[in-house]
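Engineer: Got a structure here, written out as C-alpha cells. Questions coming.
The values are calculated or read from the model by the stated rules, or taken from the named source; none is laboratory data. Please read these numbers as outputs of a predicted model, since none were measured by experiment. Please note: Cβ atoms are built from the backbone with ideal geometry, for glycine as well, and neighbour counts cover all protein chains shown. For accessibility, only protein heavy atoms count, side chains too; no ligands or nucleic acids. Shrake-Rupley method; radii C 1.70, N 1.55, O 1.52, S 1.80 Å.
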Amino acid sequence: MRPPKLAVPPGRAGRIWLVRRLETARRGADLLDRKLRILQGELARLQAAAATTSAQWAQCEAGARSSLLRAALLGGERAIRLAADDQAADVQVCYAATMGIRYPAGATCAIPPAATWDSPVVARARDAHRAALAAAAQHAAATAAVRALREEVRATRYRLRAVKDRWIPRLEQALAEVTFTIEELERADAARLRRAVGPSRPWMPRRSRARRPARGRS
C-alpha cells in the first residue's frame, strides 16, 4: 500500500516548505542515530551487569538451599518453623536515566533482625537466605533495566528506519517533483515572453565612415 501523497503548498512556497522539512528530517535522523548509539552502549553495560548479578544470585541461592537443608537435618523442620517470623523485608529501588529513559539502577534490601533466638545452624541458614534475597533484588533491578533499555533501543531503531527509509525519500521525491514543475513553468513563461516580444533582428555592425582631412585655407 502506497502512502498518501504529501499536501504540499503550490509553487515556490511548496519548495521552501519541503526544503525546511527535509532539513528537519535529516537533523532528526542524526539525533536518532546518536541516541541509538548511546543506548546500545548503555545496554551492553547493563547486560554485563545483569550477567554478574545473575551469577551472584545463583551462587547465593545454592548456598541458601544447602544451609536450609543442613538446618533441617540437624534441627528438624520444627526448628525452622519456629525461626520463621512474619516480618517483611523492605526493598528500595533507585533509578537512573539515559537519553530520557528511566530504568532501575540498583536495589537495596533492608531485613529486620530476627525476633526469636536461633541455633547456630539456623542462624547461618537465615544469613544465607538474607544474602540470597539481596542478590535476587539486585538481579531483578538489573533485569528490569535491561528490559527497559532493550525496548527503547528497538523503538529508536524503528523510528530511525522510518525516518531514513521512508520519510526522507518521500520528501526528496516531492521536492524533485516540485522543482521540476517550477522549472517547466519558468521555461514556458520564457517561451511565451519571447513569442510576445517577436523575433529579434540580427545584429549588424555599423560601417564607420572615414573622415577626410580638412583643407587648409590659403
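Engineer: Could you tell me which of 168, 40, 110 has its Cα farthest along the dipole of the chain towards the positive end, charges placed at Cβ (Lys, Arg +1; Asp, Glu -1), taken about the Cα centre?
Structural biologist: It is 168.
Engineer: Something else: Given springs between every Cα pair under 10 Å in a Gaussian network model of the chain, which of 45, 154, 78 has the largest fluctuation?
Structural biologist: Most flexible of the set in this elastic network: 78.
Engineer: Using alpha carbons only, how many degrees (0 to 90, rounded to 10) separate the axis of helix 11-83 from the longest principal axis of the chain?
Structural biologist: Tilt relative to the chain: about 10 degrees.
Engineer: Sorted from largest down, give the three principal axis spans of the alpha carbons of the range 4-59, whole angstrom values.
Structural biologist: Dimensions of the range 4-59 along the principal axes of its Cα atoms: 71, 21, 7 Å.
Engineer: So for the range 37-187, averaging the separation of alpha carbon pairs under 8 Å that are six or more residues apart and normalising by length, what relative contact order in percent results?
Structural biologist: It rounds to 31 percent for the range 37-187.
Engineer: Moving to a separate point now. Would you mind getting the accessible area per residue of the range 49-175, heavy atoms of the protein chains only, 1.4 Å probe, in Å²?
Structural biologist: With the other protein chains kept in place, the range 49-175 gives 62 Å² per residue.
Engineer: If you don't mind, there's one more thing I want to ask. Cα-Cα pairs above 13 Å in the range 135-181: how many percent?
Structural biologist: Considering the range 135-181, 68 percent of its Cα-Cα pairs are separated by more than 13 Å.
Engineer: Given the chain, what whole percent of its Cα pairs are spread farther than 32 Å?
Structural biologist: Considering the chain, 60 percent of its Cα-Cα pairs are separated by more than 32 Å.
Engineer: Next question, about the same structure. Given points 7 Å out from each Cα along the Cα-Cβ axis, report the residue 79 to residue 38 separation in nanometres with one decimal.
Structural biologist: Distance between the two pseudo-spin positions: 5.7 nm.
Engineer: How far is helix 168-197 tilted, in degrees, relative to the longest principal axis of the Cα atoms in the chain, given as a value from 0 to 90 rounded to the nearest 10?
Structural biologist: 10 degrees
Engineer: If the only charges are +1 at each Lys and Arg Cβ and -1 at each Asp and Glu Cβ, what is the size of the charge dipole of the chain around the Cα centre, to the nearest 20 debye?
Structural biologist: 3780 debye
Engineer: OK, next. Taking the Cα atoms only, what angle lies between the long axis of helix 120-162 and the longest principal axis of the chain, rounded to 10 degrees?
Structural biologist: Result, in degrees: 10.
Engineer: Right, here's the next one. Ignoring ligands, DNA and RNA, what percent of the 1.4 Å accessible area of the chain is carbon and sulfur?
Structural biologist: That share works out to 56 percent.
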